[in-house]
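Reading through the structure tokens given below for one structure.
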């Protein structure tokens, strides 16, 4: 009887101890989950228990992942706020000018000369708005990976010629000298359309910030992994303290206030090059000029020209880029 009584007492104690431990475990799990939900540091005084130690480790990993997502979401929220603010600022001026010139057109006794001038200014502001909206849409789509961005092994010469064709009129109108130094054509891994836009952005900046009669030089320097395409001008240059800022979205330098622009071009160019696993650098001496270098991944050189027709075609294209 005594032995049976002792066994019953021991069994009761075991059951009580088991229930106590379970409740303690549930309370600890509840406390740990609250730490995760409240973003508090997970502290467990005794992690010698194997199961609890594994649970604490996993909860720490879950908390780190959640904190990373929250931080990223807050960062994206700030970027959206900044983007909306900058977009509003960029669009405000051309819209205000459009309202102004339309009011001028509504003036009853406006002369034909002033009317024609107002129409021309409205068209110019409309073109600026179209360019801004187009650039903003490209920027947002690239940032959000909405655009299907495919690269291929394509001729560098063809891409450069396409870019030069798009800015040729501006170069000629300002009386600048464009020199493309001789180079062997090479296949580079890039998207021809988007890379041409990078080259156009750089060339247009060179045109804007180079005085009439100045020079723009294009050099191609092939290396083992990358090929460097340099765009060198003898324009006004960039102050040293702005060299790390010019690739930021909507950034406009101190000396750029009198020059038309949006501050999107170089930022957009960097986004494009990132998609191609390329990059861009800049060197500049203030008051003497700048050198923008685009680096694209090499594949192989183009096969040598063998026919007389091919040689003549290549010569014509080369002469077209060596323009005054």
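The values are calculated or read from the model by the stated rules, or taken from the named source; none is laboratory data. This is a predicted model, so every value here is computed, not measured. Neighbour counts are summed over all protein chains in view; Cβ atoms, including those assigned to glycine, are modelled from backbone coordinates with ideal geometry.
Just so you know, in segment 241-256 the residues that are touching a residue at least 12 places away in the same chain (Cβ under 8 Å) and outside any helix (DSSP H, G or I) include one that is surrounded by the fewest Cβ atoms within 10 Å (Cβ to Cβ), and it is 248.
Scanning for something part of a helix (DSSP H, G or I) and at pLDDT below 70, does segment 61-77 turn up at least one residue? Among the residues of segment 61-77, at least one is part of a helix (DSSP H, G or I) and at pLDDT below 70, which makes the answer yes. With respect to the conditions (1) modelled with pLDDT under 90; (2) surrounded by 18 or more Cβ atoms within 10 Å (Cβ to Cβ); (3) within 21 Å of residue 162 (Cα to Cα), residue 238 lacks only one, and its number is (3). Evaluate the following for residue 279: is it surrounded by fewer than 18 Cβ atoms within 10 Å (Cβ to Cβ) and at pLDDT 90 or above? So residue 279 passes the test. For segment 193-225, a residue qualifies if it is surrounded by fewer than 18 Cβ atoms within 10 Å (Cβ to Cβ) and more than 11 Å from residue 292 (Cα to Cα), and the qualifying residues are 193, 204, 208, 211, 212, 213, 215, 221, 222, 223, 224, 225.
Here the condition is being touching a residue at least 40 places away in the same chain (Cβ under 8 Å) and over 26 Å from the mean Cα position of the chain (by Cα); of 142, 176, 132, 161, it holds for 176 alone.
Scanning segment 1-29 for residues that are surrounded by fewer than 10 Cβ atoms within 10 Å (Cβ to Cβ) and modelled with pLDDT of 70 or more turns up 2, 3.
Report yes if residue 118 is touching a residue at least 24 places away in the same chain (Cβ under 8 Å) and surrounded by 12 or more Cβ atoms within 10 Å (Cβ to Cβ), otherwise no.
For residue 118, the condition - touching a residue at least 24 places away in the same chain (Cβ under 8 Å) and surrounded by 12 or more Cβ atoms within 10 Å (Cβ to Cβ) - is not met.
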